[in-house]
1. Please give the direction-averaged projected area of the C-alpha convex hull for the chain, in square nanometres with one decimal.
2. Quick check: pseudo-label points 7 Å beyond the Cα along Cα→Cβ at GLU8 and GLU24, how many nm apart are they?
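Readers should treat all values here as calculations from the given coordinates under stated rules, not as data from a laboratory. Note that the coordinates shown come from a computational prediction; the quantities given were computed from them, not determined experimentally. When we count neighbours, we look across all protein chains shown, and the Cβ atoms used for this are built from the backbone with ideal geometry, even at glycine.
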Amino acid sequence: MSRLSDDEKLILSNVSSKLERWDEYMVSYSELSEDVKEKDRVFARKTLDIINP
């Protein structure tokens, strides 16, 4: 098995950190704070603008 390069280790570390952070948001939508809900709405609008120009 090959060893990971420093860049690969950094990428995996970043992904791991994001997964840990996202895990706290894996709850029912109604349980999210209003701030997180609004961030979700903003992201959803941006996504819709991209897929439905």
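1. Details: hull surface 24.6 nm².
Projected area, direction-averaged: 6.1 nm².
2. Each label point is offset 7 Å from its Cα along the Cβ direction, giving 3.1 nm.
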